[in-house]
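**Student:** Have a look at this one.
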Amino acid sequence: MKFIKFLFVGIVFGILMTKSEAISWYRIQEMFRFQSFHMYGIIGTAVVLGIVGVYFIKKIGLKDISGNPIILHPKEKGFWRYIFGGTIFGFGWALSGACPGPMFVNIGVGFLSFIVVVLFSTVGTYLYGLLENKLPN
Amino acid sequence: MIEFLMNPWPWWFSGIVISLVMFILLFFGKAFGVSSNLRTICSIAGAGKKVKFFQFDWKSQIWNLVFLAGAIIGGYIAKNFLSYDVPLELSEKTISDLAELGFNKPKGIQPEELFDLKNIFSLKGFLTLSIGGLLVGFGARYAGGCTSGHAISGISNLQMPSLIAVIGFFIGGLIMTHIIFPLIFN
């Protein structure tokens, strides 16, 4: 039962991804062709509100539901892993038109072919785990 | 109100709701990041026996799998109870660019040419779906996050690694769209 609240937040996320059309391959194409403001508007609005909100969370030391201070764990420093990893991710994002969230949401919408995408993204994650120590960081 | 929710949501409203999802998860003591679920799934499947990267306490990530289950249900609800059956309004410029690559005008939210179930059974269709997924899964873990973890959460926290990762997302997306697409779709 303690997980039920996450189910609800997930449902909101799934509805939002569908209704914003961020799960659409077409919208991702529009974005990478700079032919519409739509995706930039979505991500931009979320980021601006996020920056302001996170600033105030830190400033007033807001606590979470169990009374612990809200902490955002910074990613470790580095360059190559972010630029290489990001670029590989970008190849896949443009090709499949879906990042990890929308992949799953698409299955719920009824595009069952995304089961293949999800399956192979799990394989890709496994391959990364295998090669982790051989890749530049 | 109902009318507003039934129609495609405008970008500003969608952006507000995404940031709400992030803040609610922070308030629940968690971090917004979808792709780490793929690592959890590998661990549950037993990948930790062979590969150290998957040896971690995956039970601490159950909340995120529940979130993911909710996301699938949310997609079902949005499609079946919160939508009119209208074609996606794509920019005219994109429609004509995609026509050159052999894609018809949008009839729904996704192109049938790629995501109709019969594509699983054609070599080209299967390769597109599987290689796309493979690259997303590999790249997300190498970069330590995806759109939710880096572009939204990471940049909200003004993290340099996230900015570098997002620049990478665009380098990859632009190369795929403008250089590789004309070679594979025509």
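**Student:** Per residue of B:48-54, how many C-beta atoms from partner chains lie within 10 Å of its own C-beta, taken as a mean? Could you put the intermediate results ahead of the total?
**Tutor:** Details: counts 1, 0, 3, 7, 3, 8, 4.
For peptide B:48-54, the averaged partner shielding equals 4.
**Student:** Taking the simple approach of a point 7 Å from Cα along Cα-to-Cβ for both B:F170 and B:I2, what is their distance in nm?
**Tutor:** For B:F170 paired with B:I2, the spin-label model returns 4.2 nm.
**Student:** Cβ neighbours within 10 Å, averaged per peptide: list A:119-127, B:62-70, A:16-24 in order, most packed at the top.
**Tutor:** Ranked from most to least packed, the peptides come out as A:16-24, A:119-127, B:62-70.
**Student:** Compute the distance from the alpha-carbon center of the range A:4-19 to that of the range B:49-118, in whole Å.
**Tutor:** 14
**Student:** To continue, here is another question. What does the structure give for B:85-91 when I average, per residue, the other chain Cβ atoms found within 10 Å of the residue Cβ? Can you show the working numbers first?
**Tutor:** Numbers: counts 0, 0, 0, 6, 4, 9, 10.
Counting Cβ atoms of other protein chains within 10 Å of each residue's Cβ and averaging gives 4.
**Student:** Between A:S66 and A:Y40, 0.36 nm times their residue separation minus their Cα-Cα distance comes to what?
**Tutor:** Stretched fully, the A:S66-A:Y40 segment lengthens by 5.9 nm.
**Student:** Ignoring everything but the protein chains, give the 1.4 Å probe accessible area of B:Y76 in square angstrom, nearest 10.
**Tutor:** In the full protein context, B:Y76 sits at about 120 Å².
**Student:** R0 = 25 Å: FRET efficiency of B:N80 with B:K118, Cβ-based, nearest 0.05?
**Tutor:** The computed FRET efficiency comes out at 0.65.
**Student:** How well do other chains shield peptide B:145-155, expressed as the mean number of their Cβ atoms within 10 Å of each residue Cβ?
**Tutor:** Per-residue shielding by partner chains comes out at 6.
**Student:** Next up: Give a residue-ordered list of calculated ³J(HN,Hα) values for the range B:171-186 (Karplus: 6.51 cos²θ - 1.76 cosθ + 1.60, θ = phi - 60°; whole Hz; x for Gly, Pro).
**Tutor:** Going residue by residue, I get 4, x, x, 6, 4, 4, 5, 9, 10, 7, 3, x, 7, 9, 10, 6 Hz, with x marking Gly and Pro.
**Student:** Taking all protein chains together and a probe of 1.4 Å, list B:D116, B:D57 from the most accessible to the least accessible.
**Tutor:** B:D57, B:D116
**Student:** How many nm separate the modelled label positions at B:L158 and B:S96, each set 7 Å beyond the Cα in the direction of the Cβ?
**Tutor:** 4.4
**Student:** Based on the Cβ-Cβ distance of B:L183 and A:K59, what FRET efficiency does E = 1/(1 + (r/R0)^6) give at R0 = 56 Å, to the nearest 0.05?
**Tutor:** Efficiency for this residue pair is about 0.65.
**Student:** Using 7 Å Cα-to-Cβ label points, what is the B:F27/A:F8 separation (nm, one decimal)?
**Tutor:** In this crude label model, B:F27 to A:F8 measures out at 1.0 nm.
**Student:** Apply the Karplus curve 6.51 cos²θ - 1.76 cosθ + 1.60, θ = phi - 60°, to the phi angles in the range B:65-78 and return the couplings in whole Hz, x for Gly and Pro.
**Tutor:** 5, 5, 4, 5, 4, x, 4, 5, 4, x, x, 5, 4, 4
**Student:** Distance check, please: which entries in B:K30/B:K107; B:K79/B:K105; A:K2/B:K118; A:K63/A:K134; A:K75/B:K59; A:K75/B:K49 exceed 29 angstrom between their Cα atoms?
**Tutor:** Long pairs (Cα-Cα over 29 Å): B:K30/B:K107; A:K2/B:K118; A:K63/A:K134.
**Student:** In the full protein assembly as shown, how much of A:E132 is accessible to a 1.4 Å probe, in Å² to the nearest 10?
**Tutor:** Only protein atoms counted, so the area is about 60 Å².
The values are calculated or read from the model by the stated rules, or taken from the named source; none is laboratory data. None of these values were measured; they are calculated from a predicted model. Every residue, glycine among them, receives a Cβ derived from its backbone with ideal geometry; neighbour counts consider all protein chains shown. Note: accessible area is taken over every heavy atom of the protein model, side chains too, but ligands, DNA and RNA are not part of it. Shrake-Rupley method; radii C 1.70, N 1.55, O 1.52, S 1.80 Å.
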